[in-house]
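Asker: Attaching a single structure in C-alpha cells format; questions to follow.
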Amino acid sequence: MHVSKLWGGRFTKPTDQLVEAYTASITFDKELYEEDIRGSLAHVAMLAKCGIIPREDAEKIADGLHVVLARIRRGEADFSISDEDIHMNVERQLIEEIGPVGGKLHTGRSRNDQVATDMHLYLRKWVVRFVDLLADVQESLIGQAKANLDTILPGYTHLQRAQPILLAHHLMAYVSMFQRDIERLKDSYKRVNTLPLGAGALAGTTFPIDREFVARELGFDRIYENSLDAVSDRDFILEFLSGASIIMMHLSRLCEELVLWSSTEFNFIELDDAFCTGSSIMPQKKNPDVPELVRGKTGRVYGHLMGLLTVLKSLPLAYNKDMQEDKEGMFDTVRTLDGALRLMTPMIATMKVNRERMRQAVRQDFSNATDIADYLVNKGMPFRQAHEVIGKLVLHCIQNGVFLLDLPLETYKTFSDLFEADIYETLQPEHVVNARNVYGGTAAGQVAGAIERAEAALAASREWANKLAERDSLR
C-alpha cells in the first residue's frame with residue numbers, strides 16, 4: 001500500500017520504488033537519531049518561547065519526541081525507506097504517537113538546515129572523543145618512553161642506520177605528532193560548533209524565530225551568518241576528514257615501524273599475543289595483523305576525504321541532493337579512526353622492548369661516525385675535511401670487517417694525527433646520545449624535559465575533552 005509523503009501535496013503519482021531505494025538515506029543516516037531529536041527538542045522549545053506554536057503543543061511534541069527516542073534506543077523503531085531519511089522517519093513516528101499536532105514540529109525549518117545541524121552535533125561530540133583517544137595513545141607512548149630513558153637504538157634516515165638515539169626520543173616524536181593532531185581537532189571545533197538551524201531551506205524563514213536561543217540550548221558558540229552558506233557548508237566535515245587522514249597517516253607510520261621492529265630481522269620489539277594472529281598453514285608465525293590493518297585502513301580514510309572534495313567541487317548554491325553523499329564517508333571515518341585509536345593504546349602499552357638487541361645493533365654499525373667527524377672539528381680540522389677522513393675510515397672498516405670501536409689507536413692515527421685515546425669515549429653510544437644536549441635533542445635530560453612538557457599538554461587535553469564531553473554525553 002502506498003504511504004503518502006510528508007511533502008507529497010505537489011505530486012500526482014507516487015515515487016518510483018527504484019527512486020525511493022536509490023535516493024533514501026535512512027539506511028545510514030539513522031545513526032543521527034540522537035542528534036536529530038536533540039535538535040528538534042531545542043527547536044520546539046524555541047517555537048513555544050517565541051509564541052509561534054502554543055506551549056501545550058510544544059510540551060506534547062517534546063514528550064512524544066522522548067517516547068520516540070526511547071523506542072529507537074530499545075531497537076523497537078521501524079525505519080522506512082519510503083520516509084527517506086532520519087528526519088522524516090522521526091517525524092512520522094512522532095505523528096503516529098501524538099497525532100496531527102506532531103506536524104507542527106517542522107514549523108520554521110527545513111530538512112536542509114536540520115540535517116546540517118545534526119551533522120554539526122554529531123561531529124562535535126566525536127571531535128571531543130578523538131582528542132581524548134589521542135591522549136590515551138600519547139599516554140601509552142609516554143609510559144614506554146619513561147621506561148626506556150636509557151634504551152639506545154639506531155636512528156634511521158632512508159631506512160639506513162644514521163645516528164644512535166634513545167628509544168624514548170623516538171617514541172616521543174609520535175607524541176609530538178599526535179599533539180599536533182589534537183591541536184588541529186581543537187581548532188576545528190570552532191567551525192564544527194557553529195549552528196546552521198534557522199537558515200531554513202536556503203533563505204531563512206518568515207517566522208519570528210530566535211536562533212540565539214537555540215544556540216544556547218544546544219551549546220553552540222556561534223551561528224552561521226549567511227543562510228545560503230549555512231545549508232551548503234560542508235567545510236567542517238572536510239576539515240574533520242582531513243584531520244582524520246593526517247591522524248591515520250601518523251598511525252600508519254608508527255604501525256610500519258612496529259611491523260618492521262617485530263620482524264626477525266630487526267627483533268627490536270615483541271607485540272603482545274592479544275594483538276597478533278597466527279598462520280593457517282605455518283605454525284611458527286606470529287603476524288602483526290593489528291598494525292598492518294591500521295596501516296591498510298589509512299587508504300579508506302584518504303578516500304573519503306577525496307570523495308567528499310569531489311562531490312562538493314562544482315555544486316551551485318545552495319543545497320543539492322549530491323550532498324547526501326557527505327554522510328557515509330564521515331560515519332565510516334569515525335568508526336575506522338575510533339577502532340584504530342582504541343587498539344593502539346593497549347598494543348603500545350603491552351609492547352615488550354628488546355633492549356639488548358637494540359644495543360647490539362648500535363654497536364655493530366657506523367652510526368657513531370658523525371661524532372668522530374665532530375671530534376676532529378673540535379680539534380681544529382675543517383668539517384668538510386673531517387667528513388672525508390671519516391668516510392675513508394669507515395671504508396677501511398667495511399673492507400676489513402670491523403667496526404669503529406674495534407680499531408686500535410695506531411690505525412686511527414694513520415688517518416689523522418689529531419686522534420687520541422679519548423676517541424673511544426667519544427664513540428660510546430651513551431656519549432653519542434648525550435652529546436646532543438640541545439632543545440629537542442636525544443640527550444636523556446632533553447628527552448626527560450620533553451616528557452614533562454608532553455604530560456602537561458596531555459593533562460590540558462584531558463581537561464578540555466572532559467569539560468566538553470559532559471555537554472554531549474558521549475561517554
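The values are calculated or read from the model by the stated rules, or taken from the named source; none is laboratory data. These numbers were taken from a predicted model, which means no experiment stands behind them. Backbone-built Cβ (ideal geometry, glycine too); neighbour counts: all protein chains shown. Surface accessibility is based on the protein's heavy atoms, side chains included, excluding ligands, DNA and RNA. Shrake-Rupley method; radii C 1.70, N 1.55, O 1.52, S 1.80 Å.
Asker: Restricting to helices (runs of 4 or more DSSP H) lying wholly in region 307-395: which have 2 or more residues that are more than 28 Å from Asn267 (Cβ to Cβ) and more than 18 Å from the chain's Cα centre (by Cα)?
Answerer: 369-378
Asker: Give Val128, Val115 a once-over and let me know the one that is surrounded by 22 or more Cβ atoms within 10 Å (Cβ to Cβ), farther than 14 Å from Glu257 by Cα and touching a His at 6+ places or on another chain (Cβ under 8 Å).
Answerer: Of Val128, Val115, the one residue that is surrounded by 22 or more Cβ atoms within 10 Å (Cβ to Cβ), farther than 14 Å from Glu257 by Cα and touching a His at 6+ places or on another chain (Cβ under 8 Å) is Val115.
Asker: Looking at region 94-101, can you tell me whether even one residue there is in contact with a helix residue (DSSP H, G or I) (Cβ under 8 Å, 6 or more places away or on another chain) and under 19 Å from Leu197 (Cβ atoms)?
Answerer: Within region 94-101 (the criterion being in contact with a helix residue (DSSP H, G or I) (Cβ under 8 Å, 6 or more places away or on another chain) and under 19 Å from Leu197 (Cβ atoms)), the answer is yes, since at least one residue qualifies.
Asker: Are there any pairs, at least 6 apart or on different chains, whose C-beta atoms fall under 6 Å, with the first in region 293-306 and over 11 Å from Ser242 (Cα atoms) and the second surrounded by 14 or more Cβ atoms within 10 Å (Cβ to Cβ) and not acidic (Asp, Glu), and if so, which?
Answerer: Matching pairs, first to second residue: Val294/Leu251; Val294/Cys255; Val294/Ala340; Arg295/Ser252; Arg295/Cys255; Lys297/Thr336; Thr298/Met248; Thr298/Ser252.
Asker: Sticking with this one: If I ask for residues that are open to solvent by less than 20 Å² (accessible area, probe 1.4 Å) and outside any helix (DSSP H, G or I), which ones from region 283-301 would you list?
Answerer: Pro288
Asker: What about Leu171, is it under 30 Å from Glu257 (Cβ atoms), open to solvent by less than 10 Å² (accessible area, probe 1.4 Å) and either of a type in the set (Asp, Glu) or under 32 Å from the mean Cα position of the chain (by Cα) (or both)?
Answerer: On the way: under 30 Å from Glu257 (Cβ atoms): yes; open to solvent by less than 10 Å² (accessible area, probe 1.4 Å): yes; either of a type in the set (Asp, Glu) or under 32 Å from the mean Cα position of the chain (by Cα) (or both): yes.
So Leu171 fits the description; yes.
Asker: On the given criteria, is Leu195 more than 27 Å from Tyr156 (Cα to Cα) and surrounded by fewer than 17 Cβ atoms within 10 Å (Cβ to Cβ)?
Answerer: It is false that Leu195 is more than 27 Å from Tyr156 (Cα to Cα) and surrounded by fewer than 17 Cβ atoms within 10 Å (Cβ to Cβ).
Asker: I would also like to ask the following. Conditions: (1) of a type outside the set (Phe, Trp, Tyr); (2) under 18 Å from Ala162 (Cα atoms); (3) part of a helix (DSSP H, G or I); (4) open to solvent by less than 50 Å² (accessible area, probe 1.4 Å). Val402 meets all but one. Number of the miss?
Answerer: Result: Val402 fails condition (3) only.
Asker: Give me the pairs, please: first residue somewhere in region 104-122 and hydrophobic (A, V, I, L, M, F, W, C), second residue anywhere and open to solvent by 20 Å² or more (accessible area, probe 1.4 Å) and at pLDDT 95 or above, beta-carbon distance under 7 Å, and either six or more positions apart or on two chains.
Answerer: So the pair list comes out as Leu105/Glu91; Leu121/Arg38.
Asker: Glu452: without any contact (Cβ under 8 Å) to a residue 24 or more places away in the chain, closer than 30 Å to Tyr189 by Cβ and in a helix (DSSP H, G or I), yes or no?
Answerer: For Glu452, the condition - without any contact (Cβ under 8 Å) to a residue 24 or more places away in the chain, closer than 30 Å to Tyr189 by Cβ and in a helix (DSSP H, G or I) - is met.
Asker: Considering Ala274, Ala215, Ala230, which residue is open to solvent by 50 Å² or more (accessible area, probe 1.4 Å), of a type in the set (A, V, I, L, M) and assigned to a helix (DSSP H, G or I)?
Answerer: Ala274 is the lone residue from the list that is open to solvent by 50 Å² or more (accessible area, probe 1.4 Å), of a type in the set (A, V, I, L, M) and assigned to a helix (DSSP H, G or I).
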